[in-house]
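Read the structure below first, then the notes.
The values are calculated or read from the model by the stated rules, or taken from the named source; none is laboratory data. This is a predicted model, so every value here is computed, not measured. FYI the Cβ positions are ideal-geometry reconstructions off the backbone, even for glycines, and counts take in every protein chain you see. Areas reflect the complete protein model, heavy atoms only, side chains present, ligands, DNA and RNA absent. Shrake-Rupley method; radii C 1.70, N 1.55, O 1.52, S 1.80 Å.
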Amino acid sequence: MKRIVLVFIALIFSVNLYSQTSTGIKYFKDIEQSREVKEKKGVFIESSECLNDSIKRVTFKDIGTDRTIWIKVYKYNKPFGNWYYYNGNGQLTNRILYGYDKPEGYYRCDIEDRLHTGKLVELNKEIPLVFKDKQISKQYEHGFMQWVAINVVYPYGARDRDIQGEVVVGFTIDKLGTIGSVQIVRGVHELLDKESLNVVKQLPQFEPVKLNEKNIGVYIECPIRFSLE
């Protein structure tokens, strides 16, 4: 009886271990994945690998050339981490980042100067985001998004290749009004991502944000749209 129980436990362990590293395979006739077919008729192959209980990596390839078309990662079936896209020569053409962890100890503020979360303060509490230099604040009276829009430069390489999209940059303003922790929350392409990071890092010093007469740190996600239209 004990032997049977031990074999049963070992079987369960093997199944659990396999489920964490198992790979699912799908075959498609077209690159848009609108027609799933049997293996013999497949032109493209999608393979899913479970990295752990929550994270899955999916790779899409051209069967004939073994060329990787894209790699995506999901956490609890939601987009997570870096997604990579490749061209016909196997070169990386696009990268999108998902799931950036928000910094701890900061209140969340949106681009319309409303405080949202952080330490369970009330929702939609308006707070001022003002540049420390009064002349700069007067020049950009509509706020820092106006500063970003005027100072961002469309990369020439991206223009030539018709690369467009919306990059979201996350950053903090600490209790002294200093910009920090500048990160890409959602990227589009390395050229647009780099320009977005550069323009946010060059933001002037802010007046410290106050809540109940005390300086606080805030976290902001800033969308920067690049469009050729």
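Among all positions in segment 66-77, there is no residue which is in contact with a Phe, Trp or Tyr (Cβ under 9 Å, 6 or more places away or on another chain) and in a loop (DSSP other than H, G, I, E, B).
Every residue in segment 169-183 that is open to solvent by 10 Å² or more (accessible area, probe 1.4 Å), in contact (Cβ under 8 Å) with a residue 24 or more places away in the chain and aliphatic (A, V, I, L, M), please. Answer for segment 169-183, where residues must be open to solvent by 10 Å² or more (accessible area, probe 1.4 Å), in contact (Cβ under 8 Å) with a residue 24 or more places away in the chain and aliphatic (A, V, I, L, M): Leu176, Ile179.
Just to verify a result, which residue in segment 185-229, among those that are closer than 18 Å to Ile127 by Cα and acidic (Asp, Glu), is least open to solvent (accessible area, probe 1.4 Å)? The extreme case among them is Glu221. The one condition from (1) open to solvent by 60 Å² or more (accessible area, probe 1.4 Å); (2) modelled with pLDDT under 80 that Ile127 does not meet is (1).
Taking segment 72-86 on its own, how many of its residues are free of Cβ contacts under 8 Å to residues at least 24 places away in the same chain and open to solvent by 40 Å² or more (accessible area, probe 1.4 Å)? The number of residues fulfilling the criteria is 9.
Within segment 202-229, can you find the residues that are under 18 Å from the mean Cα position of the chain (by Cα) and closer than 17 Å to Gly177 by Cα? Residues satisfying the conditions are Tyr219, Ile220, Glu221, Cys222. From the list Leu176, Leu191, which residue is touching a Lys or Arg at 6+ places or on another chain (Cβ under 9 Å), at negative phi and at pLDDT 85 or above? When all the criteria are applied, what remains is Leu191. Summed over segment 35-65, residues that are open to solvent by 60 Å² or more (accessible area, probe 1.4 Å), in a loop (DSSP other than H, G, I, E, B) and within 26 Å of Arg186 (Cβ to Cβ) total 3.
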